[in-house]
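The values are calculated or read from the model by the stated rules, or taken from the named source; none is laboratory data. Note that the structure is predicted; figures quoted are calculated from it, not measured. Every residue, glycine among them, receives a Cβ derived from its backbone with ideal geometry; neighbour counts consider all protein chains shown. Please note that ligands, DNA and RNA were not included when accessible areas were found on the heavy atoms of the full protein model with its side chains. Shrake-Rupley method; radii C 1.70, N 1.55, O 1.52, S 1.80 Å.
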Amino acid sequence: MDMIFNLLIQIIGIYKWMLIIYILLSWFPNMRDSQVGTILGKLCEPFLEPFRRIIPPIGMMDLSPLAAFLILSFAPQGLRVLQNLIS
């Protein structure tokens, strides 16, 4: 069971890096239209969409990735607590 939780925590870590790269791609013109940007968009946009419905953009700033990143940052701690409850 510990292996499953550790795997999930590693997957969350990888997904956080994917989200960071996807956010950084928005700073460069036409990078989201590249092959890497398209793949990351297909993986990151479904997770970001609920946050965009809750947090509207402020001017040209989209703060929804920040909220999504915070949720992903707290998820491993939640998994560890769940792991301790199950053990």
Filter result for the condition that a residue is within 11 Å of the chain's Cα centre (by Cα) and either among the hydroxyl-bearing types (Ser, Thr, Tyr) or modelled with pLDDT under 90 (or both), over Ser34, Ser87, Ser73: Ser73
Number of the exception - Leu25 against (1) surrounded by 14 or more Cβ atoms within 10 Å (Cβ to Cβ); (2) at pLDDT below 90; (3) of a type outside the set (S, T, N, Q): (2)
Filter result for Gly41 (in contact with a Lys or Arg (Cβ under 8 Å, 6 or more places away or on another chain) and not in a loop (DSSP other than H, G, I, E, B)): yes
Within the range 21-37, tally of residues that are hydrophobic (A, V, I, L, M, F, W, C), in a helix (DSSP H, G or I) and over 19 Å from Ser64 (Cβ atoms): 1
Members of the range 35-87 found to be small (Gly, Ala, Ser) and farther than 29 Å from Asp2 by Cα, listed by number: Gly37, Gly41, Gly59, Ser64
Residue match in the range 68-77 (condition: in contact with a Lys or Arg (Cβ under 6 Å, 6 or more places away or on another chain) and either assigned to a helix (DSSP H, G or I) or surrounded by 12 or more Cβ atoms within 10 Å (Cβ to Cβ) (or both)): yes
Unique match (being at pLDDT 95 or above and open to solvent by 70 Å² or more (accessible area, probe 1.4 Å)) among Pro57, Pro46: Pro46
